[in-house]
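Asks: My structure is below; once you've seen it, I'll send some questions.
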Amino acid sequence: MDAFILYWILGIIMIPGIILASIAQAKVNTSFNKWKTVASTNGKTAAEIAREILDKNGLTNITIVQEKGYLTDHYDPKNEKIALSDEVYNSTSLSAIGVACHEVGHAIQDNEGYWPSKFRKILVPFINFSSTFLWPLVIIGLLFNIFGSANGLVGTIFISAGLIFFGLSMLFSLITLPTEYDASNRALKILEEDNYLNEEEIQGAKEVLRSAALTYVASLIMSILTVARFLFTIILLRNNE
């Protein structure tokens with residue numbers, strides 16, 4: 001069977017992951033939109049609360065900036081900053097406070113040397129490299145195996161490199177999961193213990209953060225299924241030689 005046809009037929013393996021990813025993203029949007037209309041009783045904006053928590057933890061070096069886009073919030077350890085999206089920065093909503101404090105959780109992880117976060121940071125350059133060269137390597141490898149000799153060394157090398165990169169992506173997703181859950185747990189604990197949110201409000205922030213965490217579960221499953229799909233393709237090609 002033609003390798004490319006075979007590869008796309010095996011795409012059916014990805015369907016459960018695609019469905020889960022779609023559900024997860026829909027849940028994030030639903031939860032965020034639900035709680036962005038509910039303001040916290042403390043009256044402080046997400047950026048103000050994030051600044052206070054950073055300062056309490058001795059992270060006065062971390063700046064907080066406003067960034068364009070929808071849910072583009074992130075922590076940038078290299079430039080020592082937390083970027084909060086337009087809908088989060090100046091908002092007093094439970095959604096905004098939860099998201100902002102989640103990013104603060106990442107900054108605290110970094111400061112405390114949380115090992116999954118450190119390991120994830122080490123993997124970032126490799127993931128950036130692989131995201132650029134992954135598919136060219138795979139395609140070249142398949143072409144060499146189709147048009148070259150049955151057990152072409154060059155094709156095998158390219159395909160193996162592709163498999164390594166797929167594996168790195170899966171490892172990155174795997175280590176991201178506990179990192180994100182821990183950041184959310186840190187955020188919720190601080191918000192509750194420091195009385196930024198009352199018990200009822202905590203539940204709203206928790207719903208938003210738990211929904212966001214589901215997207216990382218979906219990402220991990222997609223990575224696992226992608227590796228499985230690639231492995232099945234290689235095995236079937238080898239058996240047809």
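Throughout, read-outs are computed from the coordinates displayed, never taken from laboratory work. None of these values were measured; they are calculated from a predicted model. Cβ sites come from the backbone with ideal geometry, for glycine too, and all protein chains shown count toward neighbours.
Asks: Applying a 10 Å radius around every beta-carbon, put 168-176, 55-63 in order of their mean neighbour count, most first. All intermediate terms of the calculation are to be shown ahead of the outcome.
Replies: Numbers: 168-176: 18.4, 55-63: 13.4.
Final packing ranking: 168-176, 55-63.
Asks: Taking 7 Å along the Cα-to-C-beta vector as the label spot, tell me the Q25-N195 distance in nanometres, rounded to one decimal.
Replies: Between Q25 and N195, the label points sit 4.2 nm apart.
Asks: Okay, moving on. Compute the label zone of E80 within the stretch 161-194: residues whose backbone N is under 11 Å from the point 7 Å along Cα-to-Cβ.
Replies: None, by backbone N distance to the label point.
Asks: Between K44 and F119, what is the spin-label point distance in nm, taking each point 7 Å from the Cα along the Cα→C-beta axis?
Replies: Using points 7 Å along Cα→Cβ, the separation is 3.4 nm.
Asks: So if R0 is 25 Å, what FRET efficiency would L71 and N185 give, r being the distance between their Cβ atoms, rounded to the nearest 0.05?
Replies: It comes out at approximately 0.80.
Asks: Something else about it: Around G204, what is the net charge, scoring Lys/Arg as +1 and Asp/Glu as -1 over all other residues with Cβ under 14 Å from its Cβ?
Replies: Neighbour charge sum, excluding G204 itself: -1.
Asks: Could you rank the peptides 215-228, 93-106, 17-30 by their average count of other C-beta atoms within 10 Å per residue, with the highest value first?
Replies: So the peptides 215-228, 93-106, 17-30, ranked by packing, come out 93-106, 215-228, 17-30.
Asks: Distance in nm between label sites at I15 and T37, each 7 Å beyond Cα in the beta-carbon direction?
Replies: So the two model labels end up 3.6 nm from each other.
Asks: Under the 0.36 nm per residue contour assumption, what length would be gained going from the current alpha-carbon distance of T60 and F232 to full extension? Present the calculation step by step, with values, prior to reporting the outcome.
Replies: Working: separation 172, 0.36 × 172 = 61.92 nm, distance 5.05 nm.
Length difference between fully extended and current span is 56.9 nm.
Asks: Please turn the phi angles of the stretch 115-123 into ³J(HN,Hα) values with the Karplus equation 6.51 cos²θ - 1.76 cosθ + 1.60 (θ = phi - 60°), one per residue in order, whole Hz, x for glycine and proline.
Replies: 5, x, 5, 5, 5, 4, 5, 5, 6
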